[in-house]
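Beneath this line is the structure, given in structure tokens, with notes to follow.
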Amino acid sequence: MDSGEACYPDTATGQPGNPGEPFHDGEAGWPPSVTNPRSTADAIRWAENEASTRAKDWWRACLAFVAVSYGWNYSGVPYAIDHYKEMPPSMKHDRDRNPPAGALMYWDTGQRAGHVAIYLGNGKIASNDIRRPGYIDVVPATDIETKWGATYLGWAPPHFPKGG
């Protein structure tokens, strides 16, 4: 589980843009090695449902949240930032602001754990702690930059090789 603590491509050209620019939907083409207990559509539905239930179970647990959304009991890695660093290079989309729905988006928060959230599409993410500590909320993906001052690192498919 994540003990969590609380350069940008242009949407038209794929070239670096600026922090705070909108995120747009890209194409999902997960590699065959990306297998999860839940499908991408089911993971998104589960994450959106968690945001509507008002359960206060996710304080500083962003990596745990995304792993559980995809049907895992745990991610197998303690910190979101390490999960991104351990992602195979071919799966990382550094600074790409065009993630497909279901992608895991990563930020450097300036603290050891970093942050990860699930991209829902239409510029929105399901994220813990961004509006209310411990809760999941659906918010614009840009909120992680504008509210926390975090640096967007990129996105990757929902790959949990050490998950269980």
Tell me whether segment 128-138 contains one or more residues that are on the phi < 0 side of the Ramachandran plot, in contact with a Gly (Cβ under 8 Å, 6 or more places away or on another chain) and of a type in the set (Ser, Thr, Tyr). no
Residues satisfying the stated conditions in segment 95-136, i.e. among the hydroxyl-bearing types (Ser, Thr, Tyr) and open to solvent by less than 10 Å² (accessible area, probe 1.4 Å): Tyr106, Tyr119, Ser127
May I ask you to verify whether Trp72 is out of contact with any helix residue (DSSP H, G or I) (no Cβ under 6 Å at 6 or more places or on another chain), crowded, with 18+ Cβ neighbours inside 10 Å and over 10 Å from Ala156 (Cβ atoms)? yes
For segment 22-35, state whether one or more residues are modelled with pLDDT under 80, under 20 Å from Lys124 (Cα atoms), hydrophobic (A, V, I, L, M, F, W, C) and crowded, with 17+ Cβ neighbours inside 10 Å. yes
What are the residues in segment 135-146 that are under 21 Å from Gly110 (Cβ atoms) and assigned to a loop (DSSP other than H, G, I, E, B), if any? Ala141, Thr142
If you go through Asp42, Asp57, the only one that is modelled with pLDDT under 95, open to solvent by 50 Å² or more (accessible area, probe 1.4 Å) and either assigned to a loop (DSSP other than H, G, I, E, B) or within 12 Å of Pro158 (Cβ to Cβ) (or both) is Asp57
What residue, among those in segment 147-164 that are over 17 Å from Arg95 (Cβ atoms) and not in a loop (DSSP other than H, G, I, E, B), is least open to solvent (accessible area, probe 1.4 Å)? Trp148
Evaluate segment 110-119: report whether one residue or more is in contact with a strand residue (DSSP E or B) (Cβ under 9 Å, 6 or more places away or on another chain), assigned to a loop (DSSP other than H, G, I, E, B), among the aromatic types (Phe, Trp, Tyr) and at pLDDT 95 or above. no
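The values are calculated or read from the model by the stated rules, or taken from the named source; none is laboratory data. What you see is a predicted model, and the numbers here were worked out from it, not measured in a lab. Neighbour counts are summed over all protein chains in view; Cβ atoms, including those assigned to glycine, are modelled from backbone coordinates with ideal geometry. What goes into the accessible areas is simple: the full protein's heavy atoms, side chains included, and nothing from ligands, DNA or RNA. Shrake-Rupley method; radii C 1.70, N 1.55, O 1.52, S 1.80 Å.
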